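Read the structure below first, then the notes.
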Number of protein chains: 4
Amino acid sequence: MAKLNFASDYTQGAHPAVLKALCETNMDFSSGYGTDEYCERAREKIRVSCAAPKAEVYFLSGGTQTNMTVLDSILRGFEGVISADTGHIAAHEAGAVEFTGHKVLPLPHTLGKLSAADVEAFAKGFYADGNCDHMVFPGAVYLSQPTEFGTLYTLKELEALRAVCDTYGMRLYADGARLAYALGCPQNDVTLPDLARLCDVFYIGGTKCGTLLGEAVVIPQPGAIPHFFTQMKRHGALLAKGRVMGVQFDALFTDGLYFAIGAPAVEKAERIKKALREKGYTLHFDSPTNQIFVRLTDEQYVSLSEKLIMSFWEKPDESHTAVRIATSWGTTEEDVEKLIEAI
Amino acid sequence: MAKLNFASDYTQGAHPAVLKALCETNMDFSSGYGTDEYCERAREKIRVSCAAPKAEVYFLSGGTQTNMTVLDSILRGFEGVISADTGHIAAHEAGAVEFTGHKVLPLPHTLGKLSAADVEAFAKGFYADGNCDHMVFPGAVYLSQPTEFGTLYTLKELEALRAVCDTYGMRLYADGARLAYALGCPQNDVTLPDLARLCDVFYIGGTKCGTLLGEAVVIPQPGAIPHFFTQMKRHGALLAKGRVMGVQFDALFTDGLYFAIGAPAVEKAERIKKALREKGYTLHFDSPTNQIFVRLTDEQYVSLSEKLIMSFWEKPDESHTAVRIATSWGTTEEDVEKLIEAI
Amino acid sequence: MAKLNFASDYTQGAHPAVLKALCETNMDFSSGYGTDEYCERAREKIRVSCAAPKAEVYFLSGGTQTNMTVLDSILRGFEGVISADTGHIAAHEAGAVEFTGHKVLPLPHTLGKLSAADVEAFAKGFYADGNCDHMVFPGAVYLSQPTEFGTLYTLKELEALRAVCDTYGMRLYADGARLAYALGCPQNDVTLPDLARLCDVFYIGGTKCGTLLGEAVVIPQPGAIPHFFTQMKRHGALLAKGRVMGVQFDALFTDGLYFAIGAPAVEKAERIKKALREKGYTLHFDSPTNQIFVRLTDEQYVSLSEKLIMSFWEKPDESHTAVRIATSWGTTEEDVEKLIEAI
Amino acid sequence: MAKLNFASDYTQGAHPAVLKALCETNMDFSSGYGTDEYCERAREKIRVSCAAPKAEVYFLSGGTQTNMTVLDSILRGFEGVISADTGHIAAHEAGAVEFTGHKVLPLPHTLGKLSAADVEAFAKGFYADGNCDHMVFPGAVYLSQPTEFGTLYTLKELEALRAVCDTYGMRLYADGARLAYALGCPQNDVTLPDLARLCDVFYIGGTKCGTLLGEAVVIPQPGAIPHFFTQMKRHGALLAKGRVMGVQFDALFTDGLYFAIGAPAVEKAERIKKALREKGYTLHFDSPTNQIFVRLTDEQYVSLSEKLIMSFWEKPDESHTAVRIATSWGTTEEDVEKLIEAI
């Protein structure tokens, strides 16, 4: 019998409605590089969803590509980007931001989150240092919503970060690789219009939220990043058949699909967490979105691994293993039930 | 009535067999980043087609990304890459190779092609120059098969280039964005095994040859590029759902599909060229693959543009416009007939 | 007997007045990184000489370093720099500008000079190209005064280049590695205040004009390059003992020394050229400053090389060799006489 | 009365013997770019001092430039460099290493020093991480001898680091900006031959050890860094008048001068530390070479600052200030006495 696969939220293809749109438009003709009507339609729907009628919207292939292209485009040469030390750009992108010439400035995190106070202290300390001209200037703040730990920034926290950015002339950039699962989370109070209001640039994740690939970069204030199209090309991030992403995001933003797919995944994660607790498992930490972090004894780990594909997270001590279990738009009721039975 | 669209070979989605494979596998689970079984299956078929049983094969999203990632990975810091001055990396990639820190060394071309003699003269002159240590070393040769002009290198020409590369310690890299149309061309005498034997690295184009996206990089000698996986990640070129490309290339290399789709497109291009000649049009230059270059009077250009979407190529003089007409795997008999009628 | 050395203008140490200043200040204490009083004094004198009272002035070690640091700081990511294809950055800096991620856009030259007409045609053609967003934007124009051929831009030519830059939003940057020899040339009509008025940034060469090392970057409009100090540091171009250059430039700009050292060198070059002509030598091309380009038969080359160290320039044909003979601030009357005798 | 200046070891010009050599050779002719006889003479003396008869030796202008050029040349694209988080490259070089595309991987320090155990744990953990291919590979270890804290690696510690580097395929690079003060320290047991035996590359500092500028990069195994000359050029680090550094290093390595200038500076620092302790001052931490770190009350800081120029180090708490006092080759007996009197 095939193992249950809860390793991640990018283990399946596209949401059926997204795939259907790809099939229906497959033999249509369109122009290249995102200049087609599908992209334009998707852009318009995203603008509406973001209450940002003049926003520029671009489609890129994946998260690391998006992060490096956006950050290199918004940072000046002498600037780096502040990130939680657990931020994806700091830890798991093989130095892609550094490849573009910019340092990632790591700050401590709380369950994956930066605090406005820490960012402010860092920026204040930087400018107070008589040697600051010999150091990398903090030019932007990178955060992910939800974070790599599945946690959420509150609206208040985001506003506080925005205020610090304003004080110290920094741009604010949000990585929304799993944004649908934030938007579908009951605890979440940050909307797309909030992100558009508070961020200089952010992206709406597709790859982990129902598309085969693709991330939608939103620049709320048009012109804020000059010639971003050419920047994309220069970073290898301009797809010839941009329509492939336009069609998919058009589908995701039709009839509120993007807002609908997160909640069931989060609700399933909650049920799994409840079952885990009831069966005596220990959560490694609590996380409100579609990712579950469990601390297993090594025996539990071996035994569960026979039935279930999970992601290794870390080894908190000699005899335990922390793992990640993720639900997604594609998780079925049946698989949830099997999982609960299996644990 | 919709205009006929012959602007390019990337104006439609995927070949039906490719799309079918995507649909059939859509809800299957797989691991990420190209470690899945679809990618592995595609790799194995490509190895067989290339008669390169140990080749490493990687899937990247698009041509510019592939070129910059491969070239940055095979060049040492003090090296640049020789290219025809009309080469895609020299002219139309927004400086992506330079972005990675390497100079493109442009040489004159003949219908898009480099000659071994020119490359040899350049390399010889370089090392003869007493100041060469103050200059960019030629570390690799970039060519495209077919070229941006739709022309083909012969086997003999490629072997001559390989010999020059051997003499001067340069790597040879072939951009096969439109490779299916070379392989499907009656004049062509360069096979995939030839490319695998002669090149240090090359890529088999998907985007223009039947996939939604994706290019397959082939490194015939395993280990020739250390840690190319991490290089991909660092260049933003590692797709989370690598399977999306694996599934498509698996389909393209099943039952010889990749070798079957080029010939009809080339044959259609031949018929269109014949019709153009018969109707008194002037070819801008002759080109044996799926791209046709026509020199129109400006009146012809305006008039044809009402019925036909073409690509602007250049203005050879004040009163003429050269355009490109391209067929593809998706071009229908019906559209060819309509086009011949329209001209 | 030692050979006469006319190979270059960087074959000796420092002008005696410059060396004297280094000796006199040697044991004085100063702060680091160009924040010392010698640098400040030199800056103030340079501002006065440039009639640019608010100019920012920075001292860097050498020409390639200066070019790459300045250009990377004034170009945006999607921009490259136009240069004569014989420009130092295009030909003889080992790809340092490309190392910083920017393409050098080469244009044809006339004796090392760009023409405003060519630059305008290029920029106009660029923006007229429907694919320009896929190409490297021309963001700046690089020129050298005098050029690598020892030739001079006239004021009118510089003004025309400035006008083109204004039309197309490009910055103008002048490399003044040998500027003293332009300023000391009777034909020259471009003053330091002209350069300060017409260029966004330029540098006043020290290495070839009397110092042990050092180039003075002048940014006439303060703030035009944000945080250039940190850009210098980031490019490895910030010397701990900045004073070493401050002391030297202070000496060079005291009592008009910088304006005095060029004329004798140019005058000596004129006498040498006259002698060459009289003795039947052929100038490779005429050049009005301190560099002389002579076309020798290979026999002449071998014979002269026994008495004289020259620089190889190029081989114009099978039986000739073009060489460069350079005078400098350090060239003695005696050596000029010996040279004239020797030829 | 002028304040006493103990701010740093780069506040004065050159050691008299070095300056004398510059003066004596000033009007001599030489070839450029370090190909001259002074450089060659200095190289030969350095090879002898290092017991590395085949070593390649290059002269660069300053420390940051040297670090970025060397590290970018020895790292492969997918690699970064391990450094103490207080290492100069990590903290005070404005992101110069990142500018070259490589991440600095910071590890905790003990008074500026890395431990072999920490480096080993990091490397081991890296390769044990299933996601390591998504991360920056540790390609080299950077350390400074003495460190930024004035502390010294013992021979045993260096050998342990070398062993870890061997185990994990990392290169070892030592920054010797203040190396003369290590060599002149009684506690030191690491010789130049030791560095040449244990490091893949290291540099012998000039700027802080008696020259106007210049650092001598030693590559004990010739060919270990291909075309380092061109790498220097490409990084803007090739000085036209390389002789300026050759002459100075020739002087420094004549009659053991480099080995003679450190000890007096260290001995003076010891006397100052003794006096500080006797007068009730608290050392911020103890440091055996030419740098002294004192923890002052803010009152002491204000009061001392009236007589003495020191360097601000950090504010350990609200009411204290830690400062650095540095001696150098140029520190006089008289100034030491005045300082002891003043405190």
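For the stretch B:52-197, the dipole from Cβ point charges (+1 on Lys and Arg, -1 on Asp and Glu) about the Cα centre works out to 260 debye, to the nearest 20.
Closest approach of a chain A Cβ to the axis relating A and D (residue, whole Å): A:E98, 2. The charge dipole of chain D, taken about its Cα centre with unit charges on the Cβ atoms of Lys, Arg (+1), Asp and Glu (-1) only, comes to about 400 debye. Relative contact order of the stretch D:1-152: 20 percent, from C-alpha pairs under 8 Å at least 6 residues apart in sequence. With the charge dipole of the stretch B:25-70 set up from +1 on Lys and Arg Cβ and -1 on Asp and Glu Cβ about the Cα centre, the Cα lying farthest toward the positive end among the listed residues B:T69, B:S49, B:N26 is that of B:S49. Computed on the stretch A:187-343, with alpha-carbon pairs under 8 angstrom and 6+ residues apart, the relative contact order is 18 percent. Using a cutoff of 8 angstrom between alpha carbon atoms and counting only pairs six or more residues apart, the relative contact order for chain C works out to 25 percent.
In the distance distribution for the stretch C:68-206, Cα-Cα pairs more than 23 Å apart total 27 percent. Among the listed pairs B:K20/B:K45; A:K241/B:K307; D:K124/D:K208; B:K113/B:K273, those whose Cα-Cα separation exceeds 25 Å are D:K124/D:K208. Each of B:E267 and B:E44 was given a label point 7 Å from its Cα along the Cα-to-Cβ line. The distance between the two points is 3.2 nm. In nanometres and ascending order, the distances from the D:G280 label point to those of the other copies are 6.6, 9.3, 11.0 (point 7 Å from Cα along Cα→Cβ).
Restricting the GluC sites (Glu not before Pro) of the stretch A:286-336 to loop positions (DSSP other than H, G, I, E, B) with no more than 10 neighbouring Cβ atoms within 10 Å leaves A:E306, A:E318. Shown here for the stretch D:66-145: trypsin sites (Lys or Arg not before Pro) in loop regions (DSSP other than H, G, I, E, B) with at most 11 other Cβ atoms within 10 Å, of which there are none.
For chain D, the equivalent ellipsoid built from the Cα gyration tensor has semi-axes of 32, 28, 17 Å, listed from largest to smallest. Can you tell which of B:F59, B:F253, B:F202 shows the greatest fluctuation in a Gaussian network model of chain B with Cα springs below 10 Å? In this elastic network of chain B, the residue with the biggest mean-square fluctuation among B:F59, B:F253, B:F202 is B:F253.
Per-residue SASA remark: B:R197, around 140 Å² accessible (1.4 Å probe; ligands, DNA and RNA not included). Across the identical copies, the 7 Å label point of D:E306, projected outward along Cα→Cβ, sits 7.7, 8.2, 9.4 nm from its counterparts, in ascending order. When the Cα positions of C:N131, C:T191, C:F228 are compared along the charge dipole of the stretch C:119-265, C:F228 comes out farthest toward the positive end, with charges on each C-beta of Lys, Arg, Asp and Glu.
Placing a label point 7 Å from the Cα of B:D255 along the Cα-to-Cβ direction, the distances to the matching points in the other copies come to 3.4, 9.0, 9.3 nm, shortest first. What's the center-to-center distance, using Cα atoms, between the stretch A:230-282 and the stretch B:1-35 in Å? Centre-to-centre distance over Cα atoms comes out at 20 Å. Loop-resident GluC sites (Glu not before Pro) (DSSP state other than H, G, I, E or B) in the stretch A:42-112 with no more than 11 further Cβ atoms inside 10 Å of their Cβ are absent. For the pair the stretch D:149-209 and the stretch D:58-103, the centres of their Cα atoms are 17 angstrom apart. Interface area, chains D and C: about 4100 Å² of buried accessible surface, summed, with a 1.4 Å probe and ligands, DNA and RNA left out. Within the protein assembly as shown, the ratio Rg/Rh, alpha carbon atoms throughout and Rh by Kirkwood, equals 0.98. What you get for the stretch A:1-85, charging only the Cβ of Lys and Arg (+1) and of Asp and Glu (-1), is a dipole of about 200 debye around the Cα centre. Largest to smallest in accessible area, the residues B:S49, B:S328 fall in the order B:S49, B:S328 (1.4 Å probe, all protein chains included). Given R0 = 22 Å, the distance between the Cβ atoms of C:M27 and D:E24 translates into a calculated FRET efficiency of 0.75. Were the residues from D:V302 through D:E314 laid out at 0.36 nm apart, the gain over their Cα-Cα distance would be 2.9 nm. Here's the picture: charge each Lys and Arg Cβ at +1 and each Asp and Glu Cβ at -1 in chain A, and of A:G80, A:A322, A:A117 the one pushed furthest to the positive end of that dipole is A:G80.
Accessible area ranking (1.4 Å probe, heavy atoms, ligands and nucleic acids excluded), largest first, for D:D85, C:D335: D:D85, C:D335. The accessible-area ordering, largest first, of the residues A:F229, B:F293 stands as A:F229, B:F293, per a 1.4 angstrom probe.
Out of all DSSP beta bridges in the protein assembly as shown, what portion is antiparallel? Express it as a percent rounded to 5.
Taking every DSSP beta bridge with both residues in the protein assembly as shown, the antiparallel ones total about 55 percent.
Per-residue ellipticity at 222 nm from helix content only, as computed over chain B with -39500 (n - 2.57) for each DSSP H run of at least four residues, stands at -11500 deg cm²/dmol.
The values are calculated or read from the model by the stated rules, or taken from the named source; none is laboratory data. Everything quoted here is computed from the prediction, not taken from an experiment. Neighbour counts run over all protein chains shown; Cβ positions are idealised from the backbone, glycine included. In case anyone asks, the SASA skips ligands and DNA or RNA and just uses the protein heavy atoms, side chains included. Shrake-Rupley method; radii C 1.70, N 1.55, O 1.52, S 1.80 Å.
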